[in-house]
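Data block below; observations after.
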Amino acid sequence: MPSLTRITIAPALTFDALVAGEPGAPLVLLLHGFAESMNCWRAQATALADMGYRAIAPSQRGYSKDARPDPRDVSHYHIDRLMDDAMAIVASSGYGAARFHLAGHDWGGSIAWALADRYPERIASLTVLSRPHPNAFNRALKMEDGEQAHRSRHHKAFLEPDAADIVLADDAKWLRDRWAANGVPASAIADHLAVLGNKDAMEAALAWYRARGAIRSPLGPIHVPTLYIWGDADDTVGRVAAEGTRDFVAAPYRFEVLPGVGHFAADQAPDRVSELMLAHIDAHPG
């Protein structure tokens, strides 16, 4: 089972992290998204450790209490800072300049795509849940039917100054309803709320959106072996954006559709996600 560890990368940045597996074993870095926490990766971290990997799932910038710069200055939460954190966590965990495997969901997927674009020589394999390649996402958002724009309408709502209060109102009803509608078990909901269900953490989490704004920066083609997992009941990502991702991966690519699975696949279908991830990582040891 994963254990809770603290990883310091700078005097004012100490991250909580779930860690499983032996030190020095091949590393798999697992990046969570919104609205969730590092706890979404518990099942996958356990499965990876059982197969001889070292799994590290950090509670990222703003989600960790001791890695929470003032969210009123959103420059602290620019995606470049989130990428820097990920690479520093790898180095601080004893992997220096070694190659490693990378997985991300939702916002963690956005970070993972960007890292694979910037550091292809460092990443042995890439696994992304839900979040399409940014170019495929942008293309779908611009389509005249407005289908993907409608699915992503909450992104603009998160830019409003009262967004944290709205999301946390009535015992975090918005969050609870969304998780439940996407098949997230009650135990996982409790774990995520233990991290994210307070005003300070929520403001920091929303600062990720505010730092980015409404525009997703385009990336080049990905030259890292990629597994992209999408649930066909995902309420935030439509089929056009999901299927379009293949146009932007110039490496071995597998697109796996999970029937009836929603946005939070690692929580809703943990065994299947673990199975797919392990097969992908084993096929590309780096």
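When the alpha carbon coordinates of the stretch 3-283 are projected onto the principal axes, the ranges are 44, 41, 34 Å, largest first.
Annotation: amide H of D232 within the under-5 Å range of L258, G260, V261, sequence separation 5 or more or interchain, hydrogens built in the peptide plane. Between the amide H of I222 and those of V249, A250, distances stay under 5 Å, these residues lying 5 or more places away or on another chain, with hydrogens modeled in the peptide plane. Each label was represented as a point 7 Å from its Cα along the Cα-to-Cβ direction; for D165 and S75 these points are 2.8 nm apart.
Rounded to the nearest 20, the size of the Cβ-charge dipole of the chain about its Cα centre is 500 debye, with Lys and Arg at +1 and Asp and Glu at -1.
For the peptides 185-196, 114-125, 44-55, the ranking by packing is 44-55, 114-125, 185-196, with the highest mean count of neighbouring Cβ atoms within 10 Å listed first.
Please state the relative contact order of the chain as a whole percent: Cα pairs under 8 Å, 6+ residues apart? Display every interim value, and only then the final one.
Working: 576 pairs, mean separation 62.1, N = 286.
Relative contact order for the chain comes out at 22 percent.
Farthest towards the positive end of the charge dipole of the chain, among the residues P221, F100, M202, is the Cα of P221, using unit charges on the Cβ of Lys, Arg, Asp and Glu.
To the nearest 500 deg cm²/dmol, what mean residue ellipticity at 222 nm is calculated for the chain from DSSP H runs of n ≥ 4 alone, each contributing -39,500 (n - 2.57), summed and divided by the residues? Don't skip to the answer; put the middle values down first.
Working: 12 runs with 119 residues, N = 286.
It comes out at -12000 deg cm²/dmol, rounded to the nearest 500.
Across the options Y119, L27, I79, the greatest Cα extent toward the positive end of the charge dipole of the chain (unit charges at beta carbon of Lys, Arg, Asp, Glu) belongs to Y119.
What is the sum of charges, Lys and Arg at +1 and Asp and Glu at -1, for the other residues whose Cβ falls under 12 Å from the Cβ of C40? Before the final figure, lay out each step's value.
Values: positive: R42; negative: E36, D106, D191, D267.
Here the charged neighbours net out to -3.
Amide H contacts for I123 (H built 1.01 Å from N in the peptide plane; partners 5 or more residues away or on another chain; cut-off under 5 Å): F100. Residues in the stretch 164-178 carry Karplus couplings, in order, of 4, 5, 5, 5, 8, 4, 6, 6, 6, 4, 4, 5, 4, 5, 5 Hz; the curve used is 6.51 cos²θ - 1.76 cosθ + 1.60 with θ = phi - 60°, and Gly or Pro positions show x.
What is the sum of charges, Lys and Arg at +1 and Asp and Glu at -1, for the other residues whose Cβ falls under 14 Å from the Cβ of H280? Summing Lys/Arg as +1 and Asp/Glu as -1 gives -1.
Along the axis of the charge dipole computed for the chain (Cβ charges of +1 for Lys and Arg, -1 for Asp and Glu, origin at the Cα centre), the listed residues A251, A186, S274 are led at the positive end by A251. Dipole check for the stretch 1-119: with +1 at the C-beta of Lys and Arg, -1 at the C-beta of Asp and Glu, and the Cα centre as origin, the magnitude is about 120 Debye. Applying the Karplus relation 6.51 cos²θ - 1.76 cosθ + 1.60 with θ = phi - 60° to the stretch 95-109 yields 3J(HN,Hα) values of 9, x, 9, 6, 6, 8, 9, 10, 9, x, 10, 6, 4, x, x Hz, where x marks Gly and Pro.
Rule-based calculations on the coordinates, nothing more; no lab input. Values in this document were obtained by computation on a predicted structure and should not be read as measured data. Quick reminder, even Gly has a Cβ in these numbers, built from the backbone with ideal geometry, and neighbours come from all protein chains shown.
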